[in-house]
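Just below is one structure, and these are the notes that go with it.
Every read-out reported here was derived from the displayed coordinates using simple, explicitly stated rules and does not represent laboratory data. Computed from a predicted structure; not experimentally measured. So basically every Cβ, Gly included, is an ideal-geometry build from the backbone, and we count neighbours across all protein chains shown.
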Amino acid sequence: MSVKIRLKKLGAKKRPYYRIVVMDSRAPRDGRTLEEVGFYHPIEIEENQVKLNEDRIQDWLSKGARPTSTVRRLLNKQNIKIK
């Protein structure tokens, strides 16, 4: 099973809200998750846009989970090292 750290879309039309989740790569975008590790709210002010559980993300990365390109950008912005 290939595991990805990716975004799960929530919110209303033109008011997106995303959860950063760990999922099986074959699951649909808004399907069942293994774990929720943070959120991304692009409409909020800069300091409230991203909240991450760094310990859990590092744990999943050490187990072999691969972040998507968007999540990788968010992790780099928050200074979380990806090997």
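The table for this structure:
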quantity: Total residues in segment 39-48, condition assigned to a loop (DSSP other than H, G, I, E, B) and out of contact with any helix residue (DSSP H, G or I) (no Cβ under 8 Å at 6 or more places or on another chain); calculated: 4
quantity: Hits in segment 49-83 (condition: in contact (Cβ under 8 Å) with a residue 40 or more places away in the chain, in a helix (DSSP H, G or I) and over 24 Å from residue 16 (Cβ atoms)); calculated: 61
quantity: Qualifying positions in segment 9-38 - exposed (fewer than 15 other Cβ atoms within 10 Å of the Cβ) and touching a Gly at 6+ places or on another chain (Cβ under 9 Å); calculated: 24
quantity: Residue count for segment 22-48, restricted to those that are of a type outside the set (Phe, Trp, Tyr) and under 18 Å from residue 77 (Cβ atoms); calculated: 10
quantity: Of residues in segment 27-83 being among the small types (Gly, Ala, Ser) and within 11 Å of the chain's Cα centre (by Cα), the one farthest from residue 11 (Cα to Cα); calculated: 69
quantity: Selection count, segment 39-83, where residues are hydrophobic (A, V, I, L, M, F, W, C), exposed (fewer than 12 other Cβ atoms within 10 Å of the Cβ) and in contact with a Lys or Arg (Cβ under 9 Å, 6 or more places away or on another chain); calculated: 1
